[in-house]
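Undergrad: Quick one: the structure is below, questions incoming.
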Amino acid sequence: MRAADLATVAVLMLVGGVVLFDAVRLGIGWGTDGPQSGFFPFWLGTTLLLACAVVLGQIAGRKPRGVPFVTREQLGPVLKVLWPATALVVLTQVLGIYVASALYIGFYMRWVGAHSWRSIVVLSIGIPLVTFLVFEHWFLVPLPKGPLEQWLGY
Amino acid sequence: MGFEDLFLGFQHALSAQNLFFAFVGVILGTIIGVLPGLGGANGVAILLPLTLRMPPTSAIILLTSLYWGALFGGAITSILFNIPGEPWSVATTFDGYPMARQGKGGQALTAAFTSSFVGAFFSTLLITFFAPLLADVALRFGPPEIFAIQFLTFSAFVGLGGGNPVKTLVSIVLGFILAAVGLDIVTGQLRMTFGVTDLMQGFDFIVAVIGLFGIGEILLSVEEGLSFKGVATGMNLRVVLETWKVLPRYWRTFARSCFIGFWMGFKPGGATPASFMSYSFAKRFSKNPARFGQGELEGVVAPETAAHAAGVAAMLPMITLGIPGSPTAAVMLGGLVMWGLQPGPMLFREKADFVWGLIASMYTGNIIGVVMVLAFVPLFAAILRVPFAILTPVIVTVCAIGAYAVHNAMIDVWYMLAFGVVGYVFKKLDYPLAPLVLALVLGDHAENALRQSLIMSQGSLAIFMTRPITAVIMAAAIVFFAMPAIAPWLRLLRRRRARAVAATPPGD
Amino acid sequence: MRPLSRAYAVSLLVPILLAAGPALAAWEPTKAIEIVVPAGTGGGADQMARLIAGIADESKLSPRPVIVVNKSGGAGAEGFLYVKGKKGDAHTLVITLSNLFTTPLHTGVPFNWKDLTPVARMALDEFILWVNAETPYKTAKEYVAAVKAKPGGMKMGGTGSAQEDQILTIQLEQALGLKFIYVPFKGGGEVCVNLVGTHVDSTVNNPIECVSHWKAGRVRPLAVFDTERLSAPEWKDIPTVKEALGADLHYLMLRGLFGPPAMPKDAVDWYVDFLRKVSETARWKKYVDEGALKPAFASGAEYVKWVEENEKLHRDLMSRGGLLKK
């Protein structure tokens, strides 16, 4: 728990530093007609750094509770959600959302749920197909498309 | 106005054709409301080109009904999956989602829809009778007043306290920082973009919310195993009637939320602050505030009533003044122009049939809406019965589509994923997420309004004291901020007085 | 068949078919046409894009639907850069406002209109000096005198920063020796509402943003920033800035369309024809009338020349106003 807490504070402090850096570039003063662009970011950055320092103090002043941030048993299922979701995003970039989501839904149903192949095929093709009709046809909202859609003339 | 105008309006709104459009609008709107990322504004914009072939009155009925549908629909995913479909549904997740996890999803949905309807009906009544009168009040709200409202919303919510105060501060500041990324409209400079095109659009509130609340919650809940909690008990319409029996108990919350919603909605301010503020007040005035956040029915009633009241009220400045009271109304105004109507104060006089048809359709549209969504409550609640291995990838896919649709940008989908991890980590480390989200949604507006005010006053903060409306709102805000500090004293004082009263001999 | 080879085969086939029969059209959209709006939903550019989409559907001018996509980040830079990145694409257009010039000049975003393929100019938007109707200023002269009497005390509201409204304000200040407090807002509608609510003293709104408040007697137009008066009957009593104040100030805003870099010539021709047909519909004409826009359809060399001149003008105006990227 302690390590995760410290790591989070470190990342937040980094964010604070980046914000300060940019604020100084923009000008942190109070111009003739109100604050400059960097005024609020500067104080936000400063407040963040100070608050992080206090959190650090709290962590230091507390005895480690010995509770892990996440146990191995907990991490397993979390990753089982996170990795496929990341894969979906990567695949969407390459294949478009429709093909990617078909693969993603199909894979997930088999891997986690061990559903029958018939329902996998029906759902993993049916859901993206309905999505396609709703977005591209009814609402005329373009979603990311890949080679397959291009080949089909979209 | 006269009743004959309203009567004329109903003749339009109740024609078979217009009832049909209202029906279609509500269905489409509910779908759009359910899909996170596709808000009412997008939905209306998407349909706008198709309305050119319709008579203007039918067209506006279709679009407004779509908007009502989106307002109803936003609650569904908030309650079932902790994913707010719309910004104003964020506060609905606070108690709606815990209720769903306890197997009370049906009750939460019923309460949400019913509250939405009550709020909408209240606002519609006020619009019907006081529209032109209220329009002038809206005009009095310039940048200083808008800033004051944002400040009040924020202080009312943050003053509620709870949790580690320093970590709350970190969350707030982080929200404001994220809101500042992108173009600073006051100076036209790019902030914190470091030359990266993808950062220019900034961090959209919806993307952050889908990630922090939606994905984050999935990650958190699977720690206990790959399944969803909250298989509802009664899967039939009886749940609606049972919930209705309980709801009248909250009449005070209903009334308060209606007023807050209408008041915030009919001038620039909007449904999102209204829902947060209403939630804050409900908790403050509640006899058992500790139950809020744990699945309290009142915590669903308050934000939903206010959000829908505000959503309807946002139509008022649009009809009477041609001012968009919300982003959705802004798109509808564009529609008026495209249909060859001139939005603005003359609309009431020149196109009375259009205006009164629209007002009458607010009644019909919301009635159709509430009947429809209530009829589907068992179905919505049954979604949670879908096996985990099917539901999870579908939710994640819908989230990804929603995030993409906000700006048609792939980067937003990545942000969503990142926010999901942040949400998971923050929740585990006791950084509260709601203040972050509120800061993100208010940050941009609040900073602009503040700086516009300061430009107007040439850098003097006195502008917030000298304008009467601003001064009153600011004073209220400061009281709320100070609440955690004053409250113990007040309680002490009250107890003393009570003791003094008890001590005085009777018969005096 | 792989998608590439199919496209290749089609591209080979097309010239053959063309040679075979002149009856065959040269190029037609084969998928939905995307109009990118480098601004938010509900603004003037967004309205126009959606109107084009609506007319295309209503009058069946395009075999494929027109879809509108908003990319407003970074004062429109996001939208422009997106189109710039779609080199050779034949199904994307971007509708521009003055931020075509002002955004790259002020923010230094690596983008110039020369990166894009000019398609057509649809209309030009006018600018008018407005005051609240309850103020005593009946003419521009009276208002200017009041501003002179109170230097740095009068507030001018406008859309955004370092964009057309601020450029106009600075022009006014420099030509007449005035000093305004410029208050930037998010959109034109919001600006006019703030004028009605007397939170600012004057604005330089487009006619369409204020017309309804004017008809309701809430705001008063004082002068048009154009070389000649507006032609529509209800607008033609408003004097030009030159007539009213003696200073030759004029500014028109582009409402035009561009394609991505290296857009195929056939496609450009098709879009020019398509947009011309749109601009000839009754609905378009009504829209232009109501909004007091200047109908100014132009394409090809005429359009390019206009854009070139206006880029120079913006660079000039913005450098005098100190609005260029430092």
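Undergrad: If I go through the stretch B:407-430 residue by residue, how many of them are assigned to a helix (DSSP H, G or I) and within 14 Å of chain C (Cβ to nearest Cβ)?
TA: Total satisfying the criteria: 5.
Undergrad: Looking at the stretch B:55-62, can you tell me whether even one residue there is modelled with pLDDT of 90 or more, hydroxyl-bearing (Ser, Thr, Tyr) and open to solvent by less than 10 Å² (accessible area, probe 1.4 Å)?
TA: yes
Undergrad: If a residue counts only when it is within 14 Å of chain C (Cβ to nearest Cβ) and under 29 Å from B:Val337 (Cβ atoms), which helices (runs of 4 or more DSSP H) contained entirely in the stretch B:53-151 have at least 1 such residues?
TA: Of the helices (runs of 4 or more DSSP H) lying wholly inside the stretch B:53-151, those with at least 1 residues that are within 14 Å of chain C (Cβ to nearest Cβ) and under 29 Å from B:Val337 (Cβ atoms) span B:56-81, B:105-139.
Undergrad: Taking helices (runs of 4 or more DSSP H) that fall entirely within the stretch C:245-326, which contain at least 2 residues that are within 20 Å of C:Ala45 (Cβ to Cβ) and acidic (Asp, Glu)?
TA: Passing ranges, in order: C:282-290.
Undergrad: Give the residue that is nearest to A:Leu49 (Cα to Cα), with candidates limited to residues of the stretch B:175-190 that are at the interface with another protein chain (Cβ under 7 Å from one of its Cβ atoms) and open to solvent by 10 Å² or more (accessible area, probe 1.4 Å).
TA: B:Phe176
Undergrad: Out of B:Ala138, B:Ala100, B:Ala112, B:Ala131, I need the residue that is open to solvent by less than 10 Å² (accessible area, probe 1.4 Å), touching a residue at least 60 places away in the same chain (Cβ under 8 Å) and farther than 16 Å from B:Gly261 by Cα. Which one?
TA: B:Ala100
Undergrad: Name the residue, out of C:Thr198, C:Thr169, C:Thr159, that is within 28 Å of C:Asn99 (Cα to Cα) and crowded, with 24+ Cβ neighbours inside 10 Å.
TA: C:Thr159
Undergrad: For C:Glu78, which of the numbered conditions (1) part of a loop (DSSP other than H, G, I, E, B); (2) modelled with pLDDT under 90; (3) of a type in the set (D, E, K, R) fails to hold?
TA: (1)
Undergrad: Can you confirm whether the stretch C:218-231 contains a residue that is more than 19 Å from C:Asp125 (Cα to Cα) and either of a type outside the set (Val, Ile, Thr) or open to solvent by 10 Å² or more (accessible area, probe 1.4 Å) (or both)?
TA: Yes, that holds for at least one residue.
Undergrad: Separate question: Kindly indicate the residue of the stretch A:112-127 that is facing chain B (nearest Cβ under 8 Å) and not small (Gly, Ala, Ser) and also nearest to B:Ala389 (Cα to Cα) among those meeting that condition.
TA: Once the filter is applied, the top-ranked residue is A:Val112.
Undergrad: Within the stretch C:131-151, track down each residue that is out of contact with any Pro (no Cβ under 9 Å at 6 or more places or on another chain), outside any helix (DSSP H, G or I) and surrounded by 18 or more Cβ atoms within 10 Å (Cβ to Cβ).
TA: Answer for the stretch C:131-151, where residues must be out of contact with any Pro (no Cβ under 9 Å at 6 or more places or on another chain), outside any helix (DSSP H, G or I) and surrounded by 18 or more Cβ atoms within 10 Å (Cβ to Cβ): C:Asn132, C:Tyr137.
Undergrad: Determine whether C:Leu317 is among the hydrophobic types (A, V, I, L, M, F, W, C), crowded, with 18+ Cβ neighbours inside 10 Å and touching a strand residue (DSSP E or B) at 6+ places or on another chain (Cβ under 6 Å).
TA: no
Undergrad: Residue check, C:Ala90 against (1) hydrophobic (A, V, I, L, M, F, W, C); (2) open to solvent by less than 10 Å² (accessible area, probe 1.4 Å); (3) out of contact with any strand residue (DSSP E or B) (no Cβ under 7 Å at 6 or more places or on another chain), all met but one. Which one?
TA: (2)
Undergrad: Among (1) closer than 15 Å to B:Ile177 by Cα; (2) open to solvent by less than 10 Å² (accessible area, probe 1.4 Å); (3) of a type in the set (Val, Ile, Thr), where does A:Val15 come up short?
TA: It is condition (2) that A:Val15 fails.
Undergrad: Give the residue that is modelled with the lowest pLDDT, with candidates limited to residues of the stretch C:105-125 that are part of a loop (DSSP other than H, G, I, E, B) and of a type in the set (A, V, I, L, M).
TA: C:Val109
The values are calculated or read from the model by the stated rules, or taken from the named source; none is laboratory data. This one's a predicted model, so the numbers in the text were calculated from it and none came from an experiment. Cβ: placed from backbone, ideal geometry, glycine included. Neighbour counts: every protein chain shown. The accessibility values were calculated without ligands, DNA or RNA, using every heavy atom of the protein model including side chains. Shrake-Rupley method; radii C 1.70, N 1.55, O 1.52, S 1.80 Å.
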